[in-house]
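**Student:** I have a structure I would like to understand better, so I am pasting it below and will then ask my questions one at a time.
The values are calculated or read from the model by the stated rules, or taken from the named source; none is laboratory data. The structure displayed is predicted, hence computed values, not measured ones. Please note: Cβ atoms are built from the backbone with ideal geometry, for glycine as well, and neighbour counts cover all protein chains shown. Surface areas here come from the heavy atoms of the whole protein model, side chains and all, with no ligands, DNA or RNA. Shrake-Rupley method; radii C 1.70, N 1.55, O 1.52, S 1.80 Å.
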Amino acid sequence: MISKKMIDDINAQVNAEMWAAHLYLAMSNDAWRMGCRGMSHWLRKQHEEEMLHAYKFIDYLESRNVEALLVDITDVPTRWKHPKSMFEQVLEHERKITQRIDALCHTAMTEGDYATFNFLQYFVAEQVEEEASAMEIVDTLKCMDDDIAALYAYDTSLLAREK
Ligand code: FEO
């Protein structure tokens, strides 16, 4: 049996994933405005991935006979000064999501809810990947400093992201 606290915490995660999806779509739009087509594409893919995460949590609640409750998505930033500060925020945000997933795992384990604990393992692995890919972009942008030619070449390489 899934507890009320576990349901509430997973429901909050549905909304956190939707918020992240909105954040990355806003970033994608702003990267496009800056002329960074590759980053815009990468962030659009990231937006799609966050929506898939939200669907996974919704589907899990439904498999436990619980309806997910959506809340308004508010206070999403829409402008960034530079691609570097944008991706620093991506990394910071993914680290926060990792903390949230860890807290969900802790609750599931503490409550002896092994079904939920097992379900969450997908996200434990996913967060390692999410942080690593954001960190790689931040580190690369730091190395380039203000080298516009290098930035353009790197931006173009990000158009290759498929998933
Ligand atoms: Fe759904 Fe990027 O964590």
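**Student:** Do you know which residues across region 79-116 are β-branched (V, I, T) and over 26 Å from D145 (Cβ atoms)? Step through it out loud before you land on a result.
**Tutor:** Keep residues of region 79-116 that are β-branched (V, I, T), which gives 90, 97-98, 101, 107, 110, 116.
I97, T98, I101, T107, T110, T116 - these are the residues of region 79-116 that are β-branched (V, I, T) and over 26 Å from D145 (Cβ atoms).
**Student:** For region 132-141, give me each residue that is of a type in the set (A, V, I, L, M) and either open to solvent by 50 Å² or more (accessible area, probe 1.4 Å) or within 16 Å of R95 (Cα to Cα) (or both). I'd like the intermediate steps shown before the answer.
**Tutor:** Here is the first cut: in region 132-141, the ones of a type in the set (A, V, I, L, M) are 132, 134-135, 137-138, 141.
A132, A134, M135, I137, V138, listed by residue number.
**Student:** Right, next: Give just the number: which of (1) among the hydrophobic types (A, V, I, L, M, F, W, C); (2) without any contact (Cβ under 8 Å) to a residue 60 or more places away in the chain; (3) within 30 Å of M1 (Cβ to Cβ) does A132 not satisfy?
**Tutor:** The number of the failed condition is (3).
**Student:** Suppose we filter A68, A132, A160, A150 for residues that are more than 18 Å from the chain's Cα centre (by Cα) and within 16 Å of the ligand (Cβ to nearest atom); which single one remains? Before you say what the answer is, go through the steps one by one.
**Tutor:** Numbers: A132 fails: more than 18 Å from the chain's Cα centre (by Cα); A160 fails: within 16 Å of the ligand (Cβ to nearest atom); A150 fails: within 16 Å of the ligand (Cβ to nearest atom).
Just one listed residue meets the conditions, A68.
**Student:** Confirm whether T140 is assigned to a helix (DSSP H, G or I) and touching a residue at least 60 places away in the same chain (Cβ under 8 Å).
**Tutor:** On the way: assigned to a helix (DSSP H, G or I): yes; touching a residue at least 60 places away in the same chain (Cβ under 8 Å): no.
Considered against the rule, which asks whether it is assigned to a helix (DSSP H, G or I) and touching a residue at least 60 places away in the same chain (Cβ under 8 Å), T140 comes out as no.
**Student:** For a quick check of your reading of the model, give me the residue pairs whose first member lies in region 38-57 and is farther than 23 Å from I101 by Cα, whose second is away from the ligand (no atom under 13 Å from the Cβ) and among the polar types (S, T, N, Q), with beta-carbon atoms closer than 6 Å and at least 6 apart or on different chains.
**Tutor:** G38/T156; S40/S28
**Student:** How about region 89-100: which of its residues are among the β-branched types (V, I, T) and buried (at least 18 other Cβ atoms within 10 Å of the Cβ)?
**Tutor:** Keep residues of region 89-100 that are among the β-branched types (V, I, T), which gives 90, 97-98.
Listed by number, the residues that qualify are V90, I97.
**Student:** Now for a separate question. Limited to region 106-122, what total is found for residues that are on the phi < 0 side of the Ramachandran plot and open to solvent by 20 Å² or more (accessible area, probe 1.4 Å)?
**Tutor:** From region 106-122, those on the phi < 0 side of the Ramachandran plot are 106-111, 113-122; that's our starting set.
Now restrict to residues that are open to solvent by 20 Å² or more (accessible area, probe 1.4 Å): 106, 109-111, 114-115, 117-119, 121-122.
Matching residues across region 106-122 total 11.
**Student:** Further, regarding this structure: For region 57-71, which residues satisfy the criterion of being assigned to a helix (DSSP H, G or I) and surrounded by fewer than 16 Cβ atoms within 10 Å (Cβ to Cβ)? Write out each step before concluding.
**Tutor:** The first filter runs over region 57-71 and keeps only residues assigned to a helix (DSSP H, G or I), leaving 57-63.
Answer for region 57-71, where residues must be assigned to a helix (DSSP H, G or I) and surrounded by fewer than 16 Cβ atoms within 10 Å (Cβ to Cβ): D59, E62, S63.
**Student:** Across region 32-56, what is the total count of residues that are in a helix (DSSP H, G or I), hydrophobic (A, V, I, L, M, F, W, C) and under 20 Å from T78 (Cβ atoms)?
**Tutor:** Initial filter on region 32-56 (in a helix (DSSP H, G or I)): 32-34, 37-56.
Right, trim to hydrophobic (A, V, I, L, M, F, W, C) and you get 32, 34, 39, 42-43, 51-52, 54.
If we keep only those that are under 20 Å from T78 (Cβ atoms) as well, we get 32, 34, 39, 42-43, 51.
Residues meeting the conditions: 6.
**Student:** In the set A21, A31, which member is over 23 Å from F117 (Cα atoms) and touching a Ser or Thr at 6+ places or on another chain (Cβ under 7 Å)? Let's see the steps before the verdict.
**Tutor:** On the way: A21 fails: touching a Ser or Thr at 6+ places or on another chain (Cβ under 7 Å).
After applying the criteria, what remains is A31.
**Student:** Now for a different question. Scan region 19-56 residue by residue and report those that are more than 16 Å from the ligand (Cβ to nearest atom) and open to solvent by 80 Å² or more (accessible area, probe 1.4 Å).
**Tutor:** Those that are more than 16 Å from the ligand (Cβ to nearest atom) and open to solvent by 80 Å² or more (accessible area, probe 1.4 Å): N29, W32, R33, R37.
**Student:** Could you tell me whether A103 is within 15 Å of the ligand (Cβ to nearest atom), in a helix (DSSP H, G or I), in contact (Cβ under 8 Å) with a residue 24 or more places away in the chain and surrounded by fewer than 16 Cβ atoms within 10 Å (Cβ to Cβ)?
**Tutor:** On the way: within 15 Å of the ligand (Cβ to nearest atom): yes; in a helix (DSSP H, G or I): yes; in contact (Cβ under 8 Å) with a residue 24 or more places away in the chain: yes; surrounded by fewer than 16 Cβ atoms within 10 Å (Cβ to Cβ): yes.
So A103 fits the description; yes.
**Student:** Picking from M86, M144, which residue would you name as being closer than 18 Å to G35 by Cβ, open to solvent by less than 70 Å² (accessible area, probe 1.4 Å) and within 16 Å of the ligand (Cβ to nearest atom)? Talk me through it step by step, then tell me what you get.
**Tutor:** Working: M144 fails: within 16 Å of the ligand (Cβ to nearest atom).
Going through M86, M144 in turn, the sole match is M86.
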